[in-house]
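One structure is given here, and the rest of the page talks about it.
Just so it is clear, none of the values below were taken in a lab; they were calculated from the coordinates. As the structure is a prediction and not an experimental result, all values here were calculated from the model. We place every Cβ from the backbone using ideal geometry, glycine too, and count neighbours over all the protein chains shown.
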Amino acid sequence: MTRITRTLASAALGAAMLGAAPALAADSPSLVTVVTSENAQTQLMAMVLTTQAVEQGETAHILLCGPGGDIALAEAPESATAPQPPLDMSPQGMMQMLMDRSVTVEVCAIYLPGLGADESVLADGVGVAQPPAMAGAMLGEDTTVWSF
């Protein structure tokens, strides 16, 4: 086997083991909102701004990590479900409204293992991000990444 062939074979094997990122689809998100904050106002503002972006024609994807992932729990903490002024909306309520508008919401791949839990603890419709696909979405040429 030539050196180039071995290199290509090794690269293919490594990509398969790591779950190579698929090619970006034409419908990849134009906005990825990453929420890591435990602060309910910050979480809500992330949802408000993402909602505004969707209303202005952007395709959004929400990634929830660390304490930000708590808003994705079926039994979320009160901070994620308590209505806040001025519209009496909660971070989780706005997240669910965004999902109703076809926005994908996922928790980080390491969020559930960190909790010692599985997908059954997540609210309906929330998924688990696959690192290769999420990295691909975030690297999209026309993608904007917001981090809260």
Checklist outcome for this item: Applied in sequence order to segment 44-57, the curve 6.51 cos²θ - 1.76 cosθ + 1.60 (Karplus, θ = phi - 60°) yields integer Hz couplings, x standing for Gly and Pro, of 5, 5, 4, 5, 4, 5, 5, 4, 4, 5, 5, 5, 9, x
Checklist outcome for this item: Rounded to the nearest Å, the spacing of the alpha-carbon centers of segment 41-71 and segment 115-148 is 12 Å
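In the neighborhood of residue 116, defined by Cβ-to-Cβ distances under 15 Å, what is the net charge if each Lys or Arg adds +1 and each Asp or Glu adds -1? Please report the intermediate quantities before stating the final value.
Working: positive: none; negative: 70, 75, 118, 119.
Surrounding charge for residue 116 is -4.
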Checklist entry - In terms of modelled amide H atoms, which long-range or inter-chain residues lie less than 5 Å from the amide H of residue 144? => result 31, 32
Checklist outcome for this item: Expected vector for segment 98-106, Karplus 3J(HN,Hα) from phi with 6.51, -1.76, 1.60 and θ = phi - 60°, integer Hz, x for Gly and Pro, equals 5, 5, 5, 9, 6, 7, 7, 10, 9
Checklist entry - Out of residues 5 or more away from residue 105 or on other chains, whose amide H comes under 5 Å of its own, with H placed 1.01 Å from N in the peptide plane? => result 62, 127
Item to check | Rg/Rh (Cα only; Kirkwood hydrodynamic radius) as it applies to segment 24-147 | outcome: 0.94
Next on the checklist: Suppose we keep just the DSSP beta bridges with both residues in segment 24-147; what percent of those would be antiparallel, to 5?
Outcome noted: 10 percent
